[in-house]
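> Would you mind keeping the following structure in view while I ask a few things?
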Amino acid sequence: MKNILNNRISIVITILILIFSACSNEKKHQVLLVTGQSNSSHNWEASHVALKKIIDNAEIFNLDIATSPKKGSDMSDFNPDFKAYDVVVIDYDGDSWSKKAQTNFEQYVANGGGVVVVHGANNSFPEWKEYNVMTGLGGWGNRDENAGPYVRWDNGEIIKDSNPGKAGMHGNKSQFIVETRDNLHPIMKGLPLKWMHTTDELYGRLRGPAKNLNVLATSWSDPKTNGSGNHEPVLLTVKYGKGRIFHTVLGHVGTDKDLIAYKSALFIYTIQRGTEWAASGIVSQKIPADLPNIATPLVLPSYKQYTVAKLFEKAMKYEIGKSKKFINLISQRIRNQKGNQEGIANLENKIIKLLNSSETTSDARNYFCRELSWMGSKKALVVLETLAKQPETADMAKYAIKRLTSK
Ligand code: ZN
């Protein structure tokens, strides 16, 4: 009898799990990542794996990968079923697709399919007219004035320049500031207006049909690093029929397989948000707690935000003169609470725990005593009294006690 009952319970649980997973799958956007070839300066084997992780980490997508035949092979059987997906992410620059695959892709986008174009994917298919209309801008591949105008940002507006010349250049790899130009667009809304990107290649002097093109962000391509001397479009959208295209020129992964550009927080966030927008026309993802600023890029090694536990684990080892990354991220999260008493109290508990740990450095203790002085409550007084008796932390602990008791 007991066994029968147990069996029934497990059947019910299994059904509930099936219903639950069916519901959650239903909400997920179907993504096809197209890859398999890149030009000689890029490495698709490395970049597409990072792209997959970034998209998976958003937890709102189901992602499949379509890997093309190797460069120089017969492409006639490469014809992914684009229409089965909400969005197609292109990390591909190589041999032409068959006419059939091209037509299927054109129909898919015209009928409302989404597309995400990443970095070298705008070098692809110079001869495929409709692809160039979709990407809006491209470079290299013998593109010139016949491809369309140069597009740059100048004095608060987009300039389309039809002067003759080659398309595509970049200066030395460097860190550079990305400036939002359309802060009302769903992809950008709520993200910083200016943020420092990790070391990357900044494409310049791209040209293309530039029809129905909206520039979301630009970067100054500095002549000091052999740049173009223009504010170059780096994030843009294009409308093609009923389809939406999100195009990021960021994200260089070279033959050294260095993925630093992909670990930039805003590269990650804009890919995640741009993919959702291209798939659905909206962005439901919240603005992340950890944001880069104008001075320092924010590197996220696992392509996602740190957990609070990880932040504190790193922050307790802080020493003056070394990276302030983790203490700054915690301070940012405190400020982000904006009067949310429960959130503040949780962070205060974690700070108290950090101060009580014998493994915490004196520099970290002093830093968090100062944080407690303005955001803490009387429950912090016990640990502060202890720290006030220790020479390395006495001054800052006494300062915090004074401020908290006079509240
Ligand atoms: Zn590149």
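> Provide the FRET efficiency to the nearest 0.05 for the ASP74-THR307 pair, computing r from the beta carbons and using R0 = 56 Å.
On the way: r = 47 Å, r/R0 = 0.84.
E(calc), rounded to 0.05, equals 0.75.
> What is the magnitude of the charge dipole of the stretch 29-280 about its Cα centre, with +1 placed on the Cβ of each Lys and Arg, -1 on the Cβ of each Asp and Glu, and no other charges, expressed in debye to the nearest 20?
On the way: 26 positive and 28 negative charges, 74 e Å.
Once rounded to the nearest 20, the dipole reads 360 debye.
> If you don't mind, there's one more thing I want to ask. Using a probe radius of 1.4 Å on heavy atoms only, what accessible surface per residue do you get for the stretch 79-216? Whole Å² is fine.
On the way: 5600 Å² over 138 residues.
For the stretch 79-216, the solvent-accessible area averages 41 Å² per residue.
> Going highest first, how would you order 307-319, 106-118, 265-277 by mean Cβ packing within 10 Å?
Details: 307-319: 16.4, 106-118: 21.7, 265-277: 26.1.
Put in order of decreasing packing, that is 265-277, 106-118, 307-319.
> Only helical DSSP H runs with n ≥ 4 go in: add -39500 (n - 2.57) per run for the chain, normalise by residue count and round the 222 nm mean residue ellipticity to 500 deg cm²/dmol.
On the way: 11 runs with 145 residues, N = 407.
The helix contribution divided over the chain gives -11500 deg cm²/dmol.
> How many Å² of accessible area per residue for the stretch 308-405, probe 1.4 Å? Walk me through the numbers before you get to the answer.
On the way: 5420 Å² over 98 residues.
Counting only protein heavy atoms, the per-residue value for the stretch 308-405 is 55 Å².
> With a 1.4 Å probe and every protein chain kept in, tell me what percent of the accessible surface of the chain is carbon plus sulfur. Present the calculation step by step, with values, prior to reporting the outcome.
Numbers: 10150 of 19440 Å².
C and S fraction of accessible area: 52 percent.
> May I ask you to derive the FRET efficiency for SER323 and LEU184 from their Cβ-Cβ distance with R0 = 35 Å, giving the value to the nearest 0.05? Write down the numbers at each step before the final one.
Working: r = 34 Å, r/R0 = 0.98.
Once the sixth-power term is evaluated, E becomes 0.55.
> Answer rounded, prolate or oblate for the stretch 29-280, using the Cα gyration tensor with square roots of eigenvalues a ≥ b ≥ c: rounded when a/c is under 1.5, else prolate when a/b is larger than b/c, else oblate.
Working: a/c = 1.34, a/b = 1.23, b/c = 1.09.
Verdict is rounded for the stretch 29-280.
> Tell me, what is the FRET efficiency for ARG335 and SER406 to the nearest 0.05, using R0 = 22 angstrom and their Cβ-Cβ distance as r?
0.50
> Take every Cα pair under 8 Å in the chain that's 6+ residues apart, average their separations, divide by the length, and report that relative contact order as a whole percent.
Numbers: 808 pairs, mean separation 53.2, N = 407.
Contact order relative to length: 13 percent.
> Considering only DSSP beta bridges with both partners in the chain, what is the antiparallel share in %, to the nearest 5? Please list the in-between numbers first.
Details: 31 of 51 bridges.
The answer is about 60 percent antiparallel.
> Taking a ≥ b ≥ c as the square roots of the eigenvalues of the Cα gyration tensor of the stretch 305-407, is the shape rounded (a/c under 1.5), prolate (a/b larger than b/c) or oblate?
Note, shape of the stretch 305-407 comes out oblate.
> In nm, give the distance between the simple-model label positions of GLU359 and ASN39, each being 7 Å from the Cα along the Cα-to-Cβ direction.
The modelled label-to-label distance comes out at 4.8 nm.
> For the stretch 157-277, give me the percentage of DSSP beta bridges that are antiparallel, rounded to the nearest 5 percent.
On the way: 22 of 22 bridges.
Once the DSSP bridges in the stretch 157-277 are tallied, antiparallel ones form about 100 percent.
The values are calculated or read from the model by the stated rules, or taken from the named source; none is laboratory data. As the structure is a computational prediction, the values presented were derived from the model and not from experiment. With ideal geometry, Cβ positions are generated from the backbone for all residues, glycine too; neighbour counts draw on all protein chains shown. To get the accessible areas, we keep the full protein, side chains included, count just its heavy atoms, and leave off ligands, DNA and RNA. Shrake-Rupley method; radii C 1.70, N 1.55, O 1.52, S 1.80 Å.
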